[in-house]
Amino acid sequence: MNTTMPRSCKIDPACRQRGFSLIELMISVTIGLVVLAAVLYIYSGNRQGNRAQELSARMLDSGRFALEIIGHSIREAGFADLSSAESSFKASFAGTPVTGTNGALGAPDVITLQRDGAVNDRGCLGTVVTPAMITAAGGNVIIQESFNLDTVNNALRCDEQIAAAPGAVANGTALISDVEDFQVLYGLDTTGDQSADQYTATPANWNQVVSARVCLQLRSSEAGAVTGNQTFLNCAGALSGSGATTTTTDRRLHRVFLATYNLRNRVTNLP
């Protein structure tokens with residue numbers, strides 16, 4: 001069998017070089033671009049999903065942290081430290097366990113809570129009650145914590161005061177950011193059975209308050225977590241049970257955090 005090249009190819013080296021035609025090259029480039037576009041699309045989708053999950057996790061952490069701080073203050077409201085130096089004649093808490101202000105026309109609310117400060121107890125900003133503080137206050141200190149919303153900076157704030165007689169409520173210090181709404185309903189015991197018979201934003205008698213229902217509306221710290229509009233249950237819908245929603249176009253995640261807390265020192269003792 002003769003395997004030698006044709007004489008013409010021996011004379012002309014160009015005939016030995018075989019490549020792609022222009023059509024084959026264009027087809028290859030097109031296929032490559034399609035594959036590259038698919039890879040970029042998958043990468044973009046995964047990145048968007050991971051970003052949304054990260055922002056959602058941050059928002060969950062913030063909401064849980066805020067409810068933990070507020071819930072602790074509500075549950076401990078009205079605590080009387082009978083182990084203090086005044087225990088020989090002190091029979092109950094001398095301060096105001098709970099009071100609040102209802103925001104007009106749906107504006108955020110304010111709730112203020114007081115309790116006796118026992119040694120090693122902490123306020124909402126982390127200040128620890130020490131024996132020296134109690135001694136300096138004449139044998140007893142009151143922890144006053146007031147929660148409100150800074151609507152300019154979307155920050156939930158707490159005003160912490162630890163003194164024998166706390167002063168007027170101030171704006172306080174920011175606890176968490178990206179909070180859009182803060183609403184509170186108070187459970188009233190109108191029959192004397194130490195359980196809430198009705199919930200209202202404006203109690204006529206604060207001595208009847210045995211529980212508080214708190215709603216926080218948070219948003220993600222960055223935009224771009226969602227595409228298009230987002231419709232979500234707002235605090236008004238969550239607290240009333242009406243299912244009222246809000247639709248936004250800011251491409252942020254939005255979520256409502258709702259919890260109900262008993263005033264433990266109110267439901268175990270007569271007001």
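The values are calculated or read from the model by the stated rules, or taken from the named source; none is laboratory data. Keep in mind it's a predicted model, so treat the numbers as computed, not measured. Reconstructed Cβ throughout: ideal geometry from the backbone, glycine too, with neighbour counts over all protein chains shown.
Considering the range 178-196 alone, what residues qualify as being small (Gly, Ala, Ser) and modelled with pLDDT of 95 or more?
GLY187
Scan the strands (runs of 3 or more DSSP E) fully inside the range 117-186 and keep the ones with 3 or more residues being surrounded by fewer than 17 Cβ atoms within 10 Å (Cβ to Cβ) and touching a helix residue (DSSP H, G or I) at 6+ places or on another chain (Cβ under 6 Å).
Answer list for the range 117-186: none.
Answer with yes or no whether SER62 is touching a Ser or Thr at 6+ places or on another chain (Cβ under 9 Å), at pLDDT 75 or above, of a type in the set (S, T, N, Q) and within 16 Å of ARG251 (Cβ to Cβ). Talk me through it step by step, then tell me what you get.
Details: touching a Ser or Thr at 6+ places or on another chain (Cβ under 9 Å): yes; at pLDDT 75 or above: yes; of a type in the set (S, T, N, Q): yes; within 16 Å of ARG251 (Cβ to Cβ): no.
Considered against the rule, which asks whether it is touching a Ser or Thr at 6+ places or on another chain (Cβ under 9 Å), at pLDDT 75 or above, of a type in the set (S, T, N, Q) and within 16 Å of ARG251 (Cβ to Cβ), SER62 comes out as no.
Going by the structure shown, is LEU105 touching a strand residue (DSSP E or B) at 6+ places or on another chain (Cβ under 8 Å) and either among the hydrophobic types (A, V, I, L, M, F, W, C) or more than 22 Å from ALA201 (Cβ to Cβ) (or both)?
no
Could you give every pair whose Cβ atoms fall below 8 Å, whose first residue belongs to the range 17-30 and is at pLDDT 75 or above, and whose second residue is surrounded by 10 or more Cβ atoms within 10 Å (Cβ to Cβ), counting only separations of at least 6 or pairs across chains?
SER28/PHE20
I'd like the residue in the range 51-81 that is among the aliphatic types (A, V, I, L, M) and within 20 Å of GLN183 (Cα to Cα) and, out of all such residues, is surrounded by the fewest Cβ atoms within 10 Å (Cβ to Cβ).
As a first pass, look at the range 51-81 and keep what is among the aliphatic types (A, V, I, L, M): 52, 55, 57, 59-60, 66-67, 69-70, 74, 77, 80.
Subset that is within 20 Å of GLN183 (Cα to Cα): 59-60, 66-67, 69-70, 74, 77.
Details: MET59: 22, LEU60: 13, ALA66: 22, LEU67: 18, ILE69: 21, ILE70: 25, ILE74: 28, ALA77: 28.
Ranking the qualifying residues of the range 51-81, first place goes to LEU60.
For every residue, the table says whether it meets (1) closer than 25 Å to ILE176 by Cβ; (2) touching a residue at least 12 places away in the same chain (Cβ under 8 Å); (3) in contact with a strand residue (DSSP E or B) (Cβ under 6 Å, 6 or more places away or on another chain); (4) part of a loop (DSSP other than H, G, I, E, B).
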site: ARG213; (1), (2), (3), (4): yes, yes, yes, no
site: ALA225; (1), (2), (3), (4): yes, yes, no, yes
site: LEU239; (1), (2), (3), (4): yes, yes, yes, no
site: SER242; (1), (2), (3), (4): no, no, no, yes
site: PHE257; (1), (2), (3), (4): yes, yes, yes, no
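Might you let me know whether the range 196-211 holds any residue that is free of Cβ contacts under 8 Å to residues at least 40 places away in the same chain, crowded, with 21+ Cβ neighbours inside 10 Å and within 26 Å of PHE93 (Cα to Cα)?
yes
Of the residues ALA14, ALA37, ALA80, ALA52, only one is assigned to a loop (DSSP other than H, G, I, E, B) and modelled with pLDDT under 95; which?
ALA80
Starting from residues that are more than 20 Å from the chain's Cα centre (by Cα), β-branched (Val, Ile, Thr) and within 23 Å of VAL267 (Cβ to Cβ), keep the ones in the range 94-122 and report whichever is modelled with the lowest pLDDT.
Checked the range 94-122; the qualifying residue modelled with the lowest pLDDT is THR96.
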